[in-house]
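Shown next, in structure tokens, is the structure this report addresses.
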Amino acid sequence: MEYVLFITLGALISVLSGFFGVGGGFILTPTLMLFGFSPVEAITTSLLFSIGTSLSGISAHIRLKNIKLKQGLILGLSGMAATQAAHPFVLFLENKGWDTWAVPVFYIILLSYFALSMLKRREKSANTVHSSEHSPSIVKMVLIGFFAGFVSTALGVGGGFIMVPLSVAYLGMMPKNAVGTSLFAVMLIVSAGFLSYVSTVSIDYWIGLSLVGGGLIGSQFGAKLTSYFENEEITYMLGALYMATVASVILKLIHLNYTGLVLMAIFVGGFLVRSLVKMQKAKARTKTKRERP
């Protein structure tokens with residue numbers, strides 16, 4: 001039953017991963033800590049999970065033509081370089097015994113910032129520059145990739161939760177392109193990050209593979225869901241997801257793990273219900289068009 005639980009958890013998180021292009025790790029790492037994993041175990045397991053979900057999500061976004069290959073390579077390669085700096089930083093925190101509070105605090109600060117930035121971005125969406133009309137700066141891409149790569153390895157996340165909002169805000173990408181391109185870059189970053197940990201950290205690979213197995217199911221579905229939502233809706237919902245995750249991490253710090261899990265379950269349930277309603281409406285419109293003479 002334990003492995004069934006983790007397969008289900010992997011599937012649910014990967015739906016969000018494929019939809020938002022966030023790799024899934026920024027949700028999985030705090031969730032695993034809520035389940036009692038140490039921060040370093042949660043980070044390493046999440047990086048393994050993010051490899052599987054990113055690979056699966058990429059194939060779906062290729063078909064949807066959401067990936068900008070050049071931008072993805074620059075973001076990904078600069079992020080891979082950053083992983084080599086982040087790994088010793090995390091080991092330093094663990095050796096000092098600071099990881100149990102430092103990692104959650106980093107999450108709270110970063111997610112709070114990006115939640116506010118994405119919600120504000122939605123209000124200014126009418127002024128967004130389309131990616132087809134904008135040539136992003138290579139320097140900006142390198143800086144964003146390096147920052148995302150460092151945070152990815154330091155916190156056990158894909159880096160997409162950083163890369164997506166920054167790509168929208170500073171590279172001029174539309175959210176759907178930012179999602180697909182982010183997943184491509186995340187795949188490169190998490191692979192390098194996982195390899196840097198696996199030689200020194202012991203994890204339960206059966207749990208990791210159970211999460212990946214569930215993830216391979218959910219990420220394809222999540223990527224397809226983007227076609228039912230407007231760009232502004234994706235931006236707003238990503239901001240709401242960040243806020244829910246921040247709240248769950250705060251609850252973890254004050255030892256209310258169960259309440260944090262319930263909060264995340266409520267958000268995921270609401271997201272799935274809204275997605276199903278959108279799908280049904282789209283199918284109904286398609287059916288109506290076919291029935292017209």
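The values are calculated or read from the model by the stated rules, or taken from the named source; none is laboratory data. Bear in mind the structure is a predicted one, so any value in this text is a computation, not a measurement. So basically every Cβ, Gly included, is an ideal-geometry build from the backbone, and we count neighbours across all protein chains shown. Remember, those area values only see protein heavy atoms, side chains included, never the ligands or the DNA or RNA. Shrake-Rupley method; radii C 1.70, N 1.55, O 1.52, S 1.80 Å.
Overview of values
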| quantity | calculated |
| --- | --- |
| In order through the stretch 238-245: 3J(HN,Hα) via Karplus (6.51 cos²θ - 1.76 cosθ + 1.60), integer Hz, x for Gly, Pro | 5, x, 5, 5, 4, 5, 5, 5 |
| Accessible area of the chain belonging to carbon and sulfur atoms, whole % at 1.4 Å probe | 66 percent |
| Charged-residue dipole, Cβ positions (Lys, Arg, Asp, Glu), the chain about Cα centre, Debye nearest 20 | 1440 debye |
| Span from the the stretch 190-204 Cα centroid across to the the stretch 226-271 one, whole angstrom | 27 Å |
| 5 angstrom amide H check on residue 174, placed H, neighbours 5+ away | 131 |
| Protection proxy ranking of 276-285, 72-81 - average other beta-carbon atoms within 10 Å, highest first | 72-81, 276-285 |
| Accessible area of the chain divided out per residue, in Å², using a probe of 1.4 angstrom | 44 Å² |
| Expected 222 nm ellipticity per residue - DSSP helices of 4 or more, -39500 (n - 2.57), all of the chain, to 500 | -28500 deg cm²/dmol |
| Net lengthening on full extension, residue 280/residue 2 (0.36 nm per residue, minus Cα-Cα) | 96.8 nm |
| Label point distance in nm, residue 101-residue 290, each placed 7 Å from Cα along Cα→Cβ | 6.1 nm |
| Long pairs among 68/224; 68/278; 65/140, criterion Cα-Cα beyond 20 Å | 68/278; 65/140 |
